[in-house]
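The values are calculated or read from the model by the stated rules, or taken from the named source; none is laboratory data. Predicted model only: the values in this text are computed from it and were never measured. So basically every Cβ, Gly included, is an ideal-geometry build from the backbone, and we count neighbours across all protein chains shown.
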Amino acid sequence: MINRAGLGIACALGAAGLYGLVPNFVRGAIGNGIPAIESTLFRTFMIAVAFAVIAVAQGERMTVPRAALPSFIGQCIATLFVSVAYLGSVQFIPVGLAVIIFYLFPVLIMVFAPVVEGRNPGILRIMIALVAFIGLAIAVGPSFDSLDIRGIVLAALGSAGATLQFFSGRAISKYMTPAAFGGMVHMVILSPVLAIALYAGSGTLRFLPGGPATGTGLLFMSGVALVYIIAYMAQMLSLRYAPASTVAPYYNLEPVVATAAAAAFLSERLQVNQYAGGGLVLAALVASSLLGKWKN
């Protein structure tokens, strides 16, 4: 198992900054005739092709070792949840709120990492997690009646998927390179994503010629794919170089970038309680980061 924490952290920061742009690009595509699930479909196809080409060019075998099969299945399920659920949530709730809910995942990793390693999480980790969930309750609670429950549920499913993605990504990296398993994972989830897109679109895809998608929408959709390919590679490299519990806290940069970009480019403003709740969630993320450094 490779363990180069500094390089893993650098990759994590790069991935987090890029990931922060993705939901904003998806929202831009939505405003120009392309549903979120179709942006997900396009990026899934593009990353499957790109990573397969890279893997073949490097002479890697596109097969899953028997020992890696459980973590590969976990990575497929996790990536499907993150791709469909998290990005789909911004079609129903503001980007900033989706980010607050989704970014419970570093706290979940902090709590579950000791359990995965066969240890008790400890009272301090549990207290940090409670602060994060209280922040979420403050952010969502007062506005619950006016929010679309579909967006809240999808963002929560995305958070659960991201937690599983980190643990399974670290495990599978013992057997396969990011290009090899990343390409295969996205090949596997391409069919269910296509099925969901066709179901949601009543058998049609809006980004195809003759559909309602505008040129600007196609640019946003292409941006989703390009940024995601680079960010996913950086994320999986971070997990190849360091444990999930080491690099996960550095993904705290993503909600800051996502919220700032939503305010700057989409003129999106959250309610006071959502900023307050988001602040508590961010404080819990920082605390989990400091705890991880102290433990290491």
Every residue from region 81-92 that is surrounded by 24 or more Cβ atoms within 10 Å (Cβ to Cβ) and not in a helix (DSSP H, G or I): VAL90
What's the number of the condition THR44 fails, among (1) more than 29 Å from LEU198 (Cα to Cα); (2) in contact with a Leu (Cβ under 7 Å, 6 or more places away or on another chain); (3) not aliphatic (A, V, I, L, M)? (1)
Test: LEU124 is within 27 Å of LEU21 (Cβ to Cβ), hydrophobic (A, V, I, L, M, F, W, C) and either touching a residue at least 12 places away in the same chain (Cβ under 8 Å) or surrounded by 16 or more Cβ atoms within 10 Å (Cβ to Cβ) (or both): no
Requiring at least 3 residues that are over 21 Å from the mean Cα position of the chain (by Cα), the helices (runs of 4 or more DSSP H) wholly within region 95-199 are 123-140
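When the residues of region 264-274 are narrowed to those that are without any contact (Cβ under 8 Å) to a residue 12 or more places away in the chain and within 22 Å of ILE30 (Cα to Cα), which ends up surrounded by the fewest Cβ atoms within 10 Å (Cβ to Cβ)?
SER267
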Looking at this structure, is ARG240 in contact (Cβ under 8 Å) with a residue 24 or more places away in the chain, assigned to a loop (DSSP other than H, G, I, E, B) and among the basic types (Lys, Arg)? no
Tally, over region 240-260, of residues that are surrounded by 23 or more Cβ atoms within 10 Å (Cβ to Cβ) and farther than 26 Å from ALA171 by Cα: 2
Which listed residue, of ALA139, ALA155, is among the hydrophobic types (A, V, I, L, M, F, W, C), buried (at least 18 other Cβ atoms within 10 Å of the Cβ), within 19 Å of ASN273 (Cα to Cα) and modelled with pLDDT under 75: ALA139
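What are the residues in region 200-222 that are of a type in the set (Val, Ile, Thr) and part of a loop (DSSP other than H, G, I, E, B), if any?
THR204, THR214
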So, in region 180-211, exactly how many residues are surrounded by fewer than 18 Cβ atoms within 10 Å (Cβ to Cβ) and under 19 Å from ALA231 (Cα atoms)? 1
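Determine whether LEU237 is surrounded by fewer than 22 Cβ atoms within 10 Å (Cβ to Cβ) and not charged (D, E, K, R).
no
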Across region 212-237, what is the number of residues that are more than 20 Å from LEU80 (Cα to Cα), touching a residue at least 12 places away in the same chain (Cβ under 8 Å) and in contact with a helix residue (DSSP H, G or I) (Cβ under 9 Å, 6 or more places away or on another chain)? 5
Report, by residue number, each residue of region 209-226 that is among the aliphatic types (A, V, I, L, M) and either touching an Asp or Glu at 6+ places or on another chain (Cβ under 9 Å) or under 28 Å from GLN58 (Cα atoms) (or both). ALA213, MET221, VAL224, ALA225, LEU226
Quick one: in region 52-66, of everything that is surrounded by 12 or more Cβ atoms within 10 Å (Cβ to Cβ) and among the hydrophobic types (A, V, I, L, M, F, W, C), which residue is farthest from the chain's Cα centre (by Cα)? VAL56
